[in-house]
Amino acid sequence: MDKRFDDIFNSPDNEIFQVVFFPDRIYHARYLNASISPRYRYDVTEVRSKADITILKGDIYLDEVLLTQFLRIEYKATRLVEIAREYGRSLRNKVMIEKILLPEFKTSAQSVTLNYSNQVQAYQTEIWGTLESPPGKTHDANILNLMGRHGSITRLRPFSNALKNTKNIINIEISFKEFELDLPYGYDINNPAIDNNYSRSYQVPNKPDPTIPANNYRLSFQRGWYIEQNNITPVTYNNPLMDKDNPERSADNFVNMRWILQRELGGNLIYFHQVELPPGSIEGTHQHLGSEELYYFYSGEGEVYMAVGDDPATNSFPETDRPIFQLDKQPCKILPAKPGVTVFTKSGGFLGAKNTGTTVLKFVAFAYHSN
């Protein structure tokens, strides 16, 4: 990143945007593995994060001579900790990448070791294109100690071609598991805990079954998207988020959803989509647990439902008992759904919508996992 960015970032006028620009992970490469020796310099060119995963890519110089390009994977393992607890185990100083896939190169690797780093408080490894030193040079002895199959610096033969030019690595799919040995005891773990994004799935345009299993995390290094709504075929659902005994279920209660962004999103975002409710159609009222969702209405009119007490500003609105997906009926507020209305629901809250007008009720929604 251009160092002239410092002048913009440090300007008092732009202080409010510091949380947006946040360049530290780009500039500060002193905590990376080989940086313990002053002979090595990292040029971090890209950083992407999703959930508690961070992947960096860039160049490494030895005595100011380009040595190789690299990928660095950091994983805080908060989800894997919880899964391991179900087996009565705790994580030690090593975990594994169960599988890492580079779709553009149709290449993958399994059982890559991540070592815990106190500096970043995460498990990490660096995958270098080569571990060989340039002609006439030798590696620092301290760095050699880090290299190897289970080391903090490693080489994956299937990735050699990709690491000749990391600009061509656009997507990385990855999942994690416990280390293959129960340390410090040293016996094999036969049922290692696995974090594959909790069997995450995503939606595709109309097919008999629009749900596609992912079973991994995807981090994208693409820098931008320009998307026209009409180029996305909607997925049509009959009675979404409604139990079979819900009296509002009917054969003609359809909801159309355009899944605009899903796996492309970073951080804890799950999806950004557009929803269309034809006149009379209902999206079932549901509760969010461990996630948050925002609706922004921009066309049509109808009703949106929130639990009584979720927002004190809605106390004056009328109430009704609503059937809640997979729960008992609960008292909810009936709120106007019209252009310009935003409804934001945090974990534990209820959310649903109904088209009471004569035209299609349209809104956009995005959801993300709560921390």
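For ARG263, neighbours were defined as the other residues whose beta-carbon sits under 11 Å from its Cβ, and their charges (Lys and Arg +1, Asp and Glu -1) total +1.
Return the FRET efficiency for the residue pair VAL308, ASN238: r is the Cβ-Cβ distance, R0 is 35 Å, and the value is rounded to the nearest 0.05.
Calculated value: 0.75.
If R0 is 56 Å, the Cβ-Cβ spacing of ARG157 and GLU248 corresponds to a FRET efficiency of close to 0.45. Phi angles across the range 235-244 convert, under the Karplus curve 6.51 cos²θ - 1.76 cosθ + 1.60 with θ = phi - 60°, into 3J(HN,Hα) values of 9, 9, 10, 9, 6, x, 6, 10, 6, 5 Hz, Gly and Pro given as x. Measuring max minus min along each principal axis, the C-alpha atoms of the range 203-287 give extents of 46, 28, 24 Å (largest first). Ordering PRO339, LEU102, THR236 by Cα displacement along the dipole of the chain toward the positive end leaves LEU102 in first place; charges were set at the Cβ atoms of Lys, Arg (+1) and Asp, Glu (-1). Identify the trypsin sites (Lys or Arg not before Pro) of the range 224-313 meeting these criteria: DSSP loop state and at most 16 other C-beta atoms within 10 Å of the C-beta. Filter output for the range 224-313: LYS244, ARG249. Footprinting exposure proxy ranking of HIS288, HIS139, fewest other C-beta atoms within 10 angstrom first, gives HIS288, HIS139. Our coupling estimate for the range 200-207, obtained by passing each phi through the Karplus curve with A = 6.51, B = -1.76, C = 1.60 and θ = phi - 60°, is 4, 10, 9, 10, 10, x, 2, 9 Hz, Gly and Pro reported as x. Using the Karplus relation 6.51 cos²θ - 1.76 cosθ + 1.60 with θ = phi - 60°, the per-residue 3J(HN,Hα) values for the range 100-110 come to 10, 10, 10, x, 5, 9, 6, 10, 8, 8, 10 Hz, with x marking Gly and Pro.
Dividing the helix sum by the residues of the chain, where each DSSP H run of 4 or more adds -39500 (n - 2.57), gives a mean residue ellipticity at 222 nm of -1500 deg cm²/dmol. For ASN197, what is the net charge nearby, where nearby means another residue's Cβ is under 14 Å from its Cβ and Lys, Arg count +1, Asp, Glu -1? Overall, the nearby charge balance is +2. Sparse packing (at most 13 other Cβ atoms within 10 Å of the Cβ) combined with a DSSP loop state is found for the following trypsin sites (Lys or Arg not before Pro) in the range 99-172: LYS106, LYS137, ARG149.
For the range 43-70 versus the range 318-335, the spacing of their alpha-carbon centroids is 50 Å. Between THR107 and VAL341, the simple spin-label model (points 7 angstrom out along Cα→Cβ) gives 5.4 nm. Put simply, the amide H of ALA193, placed in the peptide plane, has neighbours under 5 Å in GLU178, leaving out anything fewer than 5 places away on its chain.
Residues whose amide H comes within less than 5 Å of that of HIS150, counting only those at least five positions distant or on another chain, are absent (H built at 1.01 Å from N in the peptide plane). Does a label point 7 Å from the Cα of LYS207, set along Cα-to-beta-carbon, have any residues of the range 227-261 with amide nitrogen under 18 Å, and which are they? It comes to 232-238, 257-261, nothing else. With contacts defined as alpha carbon pairs under 8 Å and 6 or more residues apart, what's the relative contact order of the chain in percent? This gives 12 percent for the chain. Give the label of the value calculated from the structure for P(r) over Cα pairs in 10 Å bins from 0, in percent, choosing from (i) 5, 19, 25, 22, 17, 9, 3, 0, 0; (ii) 5, 22, 29, 24, 14, 5, 1, 0; (iii) 5, 24, 34, 24, 11, 2, 0. Label (i) holds the value from this structure. Taken about its Cα centre, the range 215-320 carries a charge dipole of about 660 debye when Lys and Arg each add +1 at the Cβ and Asp and Glu each add -1 at the Cβ. Please list the non-local residues whose amide H lies under 5 Å from the amide H of THR45, H modeled 1.01 Å from N, same-chain partners needing a gap of 5 or more. Amide H neighbours of THR45: LYS57, GLY58, ASP59. Longest exposed-loop-site-free stretch of the chain, with GluC sites (Glu not before Pro), DSSP loop and at most 10 other Cβ within 10 Å? Looking at the chain, 65-227 is the longest stretch - no exposed GluC sites (Glu not before Pro) with at most 10 other Cβ atoms within 10 Å.
Length available on full extension from ILE189 to ILE36: 0.36 nm per residue minus the Cα-Cα distance, which gives 51.8 nm.
Taking the Cβ-Cβ separation of LYS137 and SER220 as r and a Förster radius of 51 Å, what is the calculated FRET efficiency to the nearest 0.05?
E between LYS137 and SER220, to the nearest 0.05, is 0.90.
Computed from the coordinates by the stated procedures, all read-outs in this text should not be read as laboratory data. Just so we're clear, the structure is a prediction, and the values are computed from it rather than from any experiment. Glycine also receives a Cβ, built like all others from the backbone with ideal geometry; neighbour counts cover every protein chain displayed.
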